[in-house]
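Read through the structure below, which is laid out as structure tokens, and then see the notes.
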Amino acid sequence: MTATTGTPSLGASASRGAAVTVGGQAIRVIVQLAGIMVLARLLTPSDYGLLAMVTAIIGVGDLVRDFGLSSAAIQARTLSRGQKNNLFWINTSIGLALTLTAIASSWLIAGFYGDPRLQAITAALSVTFLLNGLSTQFRADLSRSLRFGRLVVVDTGAQLGALIVGVSMALLGCGYWSLVGQAVAQTVVALGILIIVTGWMPGWARRSEPMRGLLSYGVNMFGTQLLSYASRNVDSIVIGARFGAGALGIYNRAFQLMMLPLLQMNAPSTRVALPVLSRLQDDPPRYGRFITFGQTALLTVVGAVLALLGAQADAVIRIMLGTQWLEAVPVFRILLVAGFFQAAGYAVYWVFLSQGLMRQNLYYSLVTRPLMIAAILFGSTWGMYGVAIAYSASIVLMWPLSLLWIRRASTAPVGTLFLNGARAVIVFGSGCVVSALATQPIDADLPFVRVAVGAVVLLAWVGVIALIWPRVRRDLIELASARAYFRRARATNPPAAADPTTSDDEGKAGA
């Protein structure tokens, strides 16, 4: 594929993928917010705590099930049909083994926490490993061929179907089983839609296919994800074991609310960025421009949302969860700091994945993640709030360390990425303070008014900053004009030839 034909095609695909993904995420956010608001009023903190106890331990199985092979398939320069088949059967086999292992371990998990209810919960959730194992390469196939619209259909349909199941069970008085049913239903619906929309069915495995490169990438990716998972979930395990299901339920809801905007942006942005950056890795100038723009866009959206959530945390908890959850407000504010710096680090993650630097990523995780785990264990001495502070402080410190790490291993514009993040901290950090102060006179029993006024004040503050800070103004102008730019690119450039690195199925028209 020549540069002449490849460039416009990739730009058009990226812009279409971003537009479709953002639209789909808007729908998903609405569905997820509705689910949080309804279920929080039908269930108790202990119900959420029980599920969090189990998922904090068995959730590691999802990393084993994937084994880094979905990212390996997306990042690969070439991928034959036989290799895709082999990857499908590897993921499926691992998923089946994990289902059986989770069932066998369910009594041990119940014994660890001292709660017999967890045995049945673990056994019921174990089926998700097999279902997700079957789904892995279907998702990778859609991402690799840039068919983002179909992925939006899958994710939105699965989330909506799962919500219907969860709310229905909660209304029938099923308690924590409502959350179990919701989790299982989401994997069932997702697999069904994937099979329909992908247009690819796996064949038999072949030993003759070259798999060493894909497996090597996957192993290093898995090692990194395993360390990351342990550091992200040790807080839940410690709180559940030391302080019980009720405290963990409070912490879990605060954590999930913090993660909501991140999850809605991280997975879709990575889904668009990874295949595009992987194809641009031999063109450093374009690679640098794309990743810089992507980070700026991500931090602008996430920064504004997290700043508003932090400024109006009390009102947000009242609206989303109800007054019975107000104990989560301080924890929520602490965790929002971690949320912003986690978003700032996504660009580093894109560099590791797109340039195939999985060994370096593993080494980085081996250095930083054990320190994070030790900090959380130390912080637990001061209870739930100590855990939250230790978690957030660790994420803040890891961001500059990650930039220094990729500076030695990659061609990414590290200085620009750092300045982007620092600028966002100043703009949205100050905006958070101004928004909070502006709404202090408003009665706490008017949460919707507080959020609305706080949002207006925050936007006005960003506008003022843009007027006096040229770089911020330029960032906002570039974001506003991005859609028009890509539209002009599609209108003026001829259609590109199919990418020869894809298989027959992957070269077909996508989203």
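Throughout, read-outs are computed from the coordinates displayed, never taken from laboratory work. This one's a predicted model, so the numbers in the text were calculated from it and none came from an experiment. All Cβ positions, even for glycine, are placed from backbone atoms using ideal geometry, and neighbour counts span all protein chains on display.
Check I442: other-chain or 5+ apart residues with amide H under 5 Å from its amide H, H built from backbone geometry?
Hits under the 5 Å cutoff: none.
What full-extension length gain, to one decimal in nm, is calculated for V464 and M201 as 0.36 nm per residue of separation minus the Cα-Cα distance?
89.3 nm
Determine the relative contact order of the stretch 43-204: mean sequence separation of Cα pairs under 8 Å and six or more apart, normalised by residue count, in whole percent.
Computed value for the stretch 43-204: 28 percent relative contact order.
With a Förster radius of 30 Å, plug the Cβ-Cβ distance of A120 and R242 into 1/(1 + (r/R0)^6) and report the FRET value to the nearest 0.05.
Result of the calculation: an efficiency of 0.80.
Using the Karplus curve 6.51 cos²θ - 1.76 cosθ + 1.60 with θ = phi - 60°, work out ³J(HN,Hα) for each residue of the stretch 242-250 in order, rounded to whole Hz, and write x for Gly and Pro.
Per residue, the Karplus-derived 3J(HN,Hα) values read 8, 10, x, 5, x, 5, 5, x, 4 Hz.
Rounded to whole Hz and in sequence order, give me ³J(HN,Hα) for the stretch 426-436 from the Karplus expression 6.51 cos²θ - 1.76 cosθ + 1.60, θ = phi - 60°, writing x for Gly and Pro.
Whole-Hz 3J(HN,Hα) from phi for the stretch 426-436: 5, 5, 7, x, 5, x, 4, 5, 5, 5, 5.
Go through the stretch 86-96 residue by residue and turn each phi into a ³J(HN,Hα) via Karplus (6.51, -1.76, 1.60, θ = phi - 60°); whole Hz please, and just put x for glycine and proline.
4, 4, 4, 6, 5, 4, 5, 5, 5, x, 5
Suppose each label sits 7 Å from its Cα in the direction of the beta carbon; what would the F293-T411 distance come out to in nanometres?
Going by the 7 Å Cα→Cβ label model, 1.8 nm.
Would you pull out the residues with amide H under 5 Å of R147's amide H, same chain only if 5 or more places away, H placed 1.01 Å from N?
Here the answer is A511, since their amide H atoms fall under 5 Å of that of R147.
Which whole-number percent gives the relative contact order of the stretch 216-493, counting Cα pairs below 8 Å spaced six or more residues apart?
Over the stretch 216-493, the number comes to 25 percent.
Can you pull a Stokes-Einstein diffusion coefficient for the stretch 43-204 at 37 °C (0.692 mPa s), Rh from Kirkwood over Cα pairs, as a whole number of µm²/s?
198
What FRET efficiency, computed as 1/(1 + (r/R0)^6) with R0 = 30 Å and r the Cβ-Cβ distance, is obtained for I30 and L419, rounded to the nearest 0.05?
Efficiency, from the Cβ-Cβ distance: 0.30.
Which parts of the stretch 117-157 would a label at W89 reach, counting a residue when its backbone N lies under 20 Å from a point 7 Å out along Cα-to-Cβ?
From the stretch 117-157, the list is 130-141.
What spacing in nm lies between the two simple spin-label points modelled at R212 and V449, each 7 Å away from Cα in the Cβ direction?
Result for the modelled spin labels: 7.1 nm.
To the nearest 0.05, what FRET efficiency results for I426 and I164 with a Förster distance of 35 Å applied to their C-beta separation?
For I426 and I164, the calculated efficiency is 0.20.
Taking the Cα atoms of the stretch 216-493 alone, what are Rg (to one decimal) and Dmax (as a whole number) in Å?
Values for the stretch 216-493 (Cα only, Rg and Dmax): 19.7, 62 Å.
Sort T136, T292, T270 by Cβ crowding within 10 Å, fewest neighbours at the top.
If I rank by nearby Cβ atoms, fewest first, I get T292, T270, T136.
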